[in-house]
Amino acid sequence: MDEWSDHDFAVVVIPGAEVRYRGTTDWMPQPERVVLVLGEHHGGGKAMYDDGHFIEWGVATLDSLATWAAEDYAVLFDRGGVAQVMERVASTPFPSNVPHLRRDSALFLTALLHGVGRARRGEILSAGSIIRGDGVQTLLRAVRARSADASPALDRLDGLRRVEQAFSDLAREIADAVAQAPEPAARALLAVADRYLGVGPEGLNPAGREAVVRRLGWSTEH
């Protein structure tokens, strides 16, 4: 943690008490200093203090807490059962974030095709979001799937966190790629994927890669 870290926490309550802690801040320290409050779809909230300190929280019973995902955590107050539940939560893979080489490398190729198509239609903002968002996320997951033992620094829940610590060269190349306009960014990301994943059974699907290159009229050389 450093000066830019926010506070993420769970309020664990008995069944029926959830509404008391959702979307309100009167129970927090110095509530008169809270300047922004937002409710979230999952029943938690976000709030900002007048000094810019940011907090996010969720509200759960012990049963619903068991369905959460977590990596690092600390149990600061426990009337019984919270520590045991969190130990199980932190050791349970979160399915949608588990890297899978074949799936993620395929999703990467489709993100490039989808994003460049939007760019050529003139939808530059949407194209940039797909290429820099879905494209980068799936590329990183695919690289992580190939390098599981080499990436302990990566956040298990957010594949963009701490990439610079785990794969410094890759992070720099991706940052340089996405600094460009959407289509050049997509081509540069494909070149990065070629270097870090390769093409074949343990990398990018050859037929899928060729289909993207052919459809977009890209040269096979970068």
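The values are calculated or read from the model by the stated rules, or taken from the named source; none is laboratory data. The structure displayed is predicted, hence computed values, not measured ones. Don't worry about glycine lacking a Cβ; one is built from the backbone with ideal geometry, like all the others, and counts go over all protein chains shown. Just the protein is used for accessible areas: all its heavy atoms, side chains included, with ligands, DNA and RNA removed. Shrake-Rupley method; radii C 1.70, N 1.55, O 1.52, S 1.80 Å.
So for region 188-197 (the condition being within 28 Å of Thr92 (Cα to Cα), modelled with pLDDT of 80 or more, among the hydrophobic types (A, V, I, L, M, F, W, C) and touching a helix residue (DSSP H, G or I) at 6+ places or on another chain (Cβ under 7 Å)), does at least one residue qualify? For region 188-197, residues within 28 Å of Thr92 (Cα to Cα), modelled with pLDDT of 80 or more, among the hydrophobic types (A, V, I, L, M, F, W, C) and touching a helix residue (DSSP H, G or I) at 6+ places or on another chain (Cβ under 7 Å): present. Would you check if Gly45 is of a type outside the set (A, V, I, L, M, F, W, C) and under 26 Å from Asp2 (Cβ atoms)? Yes: the conditions hold for Gly45.
Here Gly52 meets the list (1) open to solvent by less than 50 Å² (accessible area, probe 1.4 Å); (2) free of Cβ contacts under 8 Å to residues at least 60 places away in the same chain; (3) more than 22 Å from Arg161 (Cα to Cα) almost entirely, failing just condition (3).
Restricting attention to region 15-40 and to residues that are in a loop (DSSP other than H, G, I, E, B) and touching a helix residue (DSSP H, G or I) at 6+ places or on another chain (Cβ under 9 Å), the residue that is least open to solvent (accessible area, probe 1.4 Å) turns out to be Thr25. Scanning region 1-25 for residues that are free of Cβ contacts under 8 Å to residues at least 40 places away in the same chain and not aliphatic (A, V, I, L, M) yields Asp2, Glu3, Trp4, Ser5, Gly16, Arg20, Tyr21, Arg22, Gly23, Thr24, Thr25. Give Ala191, Ala175, Ala207 a once-over and let me know the one that is loosely packed, with under 15 Cβ neighbours inside 10 Å, assigned to a helix (DSSP H, G or I) and over 23 Å from the mean Cα position of the chain (by Cα). So the residue among Ala191, Ala175, Ala207 that is loosely packed, with under 15 Cβ neighbours inside 10 Å, assigned to a helix (DSSP H, G or I) and over 23 Å from the mean Cα position of the chain (by Cα) is Ala207. Exactly one residue among Gln165, Gln137, Gln84 is closer than 30 Å to Asp2 by Cα, in a helix (DSSP H, G or I) and modelled with pLDDT under 90, and that residue is Gln165.
When region 1-31 is limited to residues that are farther than 17 Å from Asp51 by Cα and among the β-branched types (Val, Ile, Thr), the one that is farthest from the chain's Cα centre (by Cα) turns out to be Ile14. Of the listed requirements (1) of a type outside the set (A, V, I, L, M, F, W, C); (2) at pLDDT below 90; (3) part of a helix (DSSP H, G or I), Asp104 misses just one: (2). Here Ala186 fulfils each of the conditions (1) touching a residue at least 40 places away in the same chain (Cβ under 8 Å); (2) open to solvent by 20 Å² or more (accessible area, probe 1.4 Å) apart from (2). A Cβ distance below 6 Å, combined with a sequence gap of six or more or placement on separate chains, defines the contacts here; from region 102-128, residues that are under 13 Å from Ala193 (Cβ atoms) reach residues that are charged (D, E, K, R) and open to solvent by 40 Å² or more (accessible area, probe 1.4 Å) in the pairs Asp104/Arg141; Ala111/Asp134. Looking at region 140-162, which of the residues that are at pLDDT 80 or above and within 14 Å of the chain's Cα centre (by Cα) is least open to solvent (accessible area, probe 1.4 Å)? Ranking the qualifying residues of region 140-162, first place goes to Ala142. The residue that is most open to solvent (accessible area, probe 1.4 Å), among those in region 55-77 that are in a strand (DSSP E or B) and not β-branched (Val, Ile, Thr), is Glu56.
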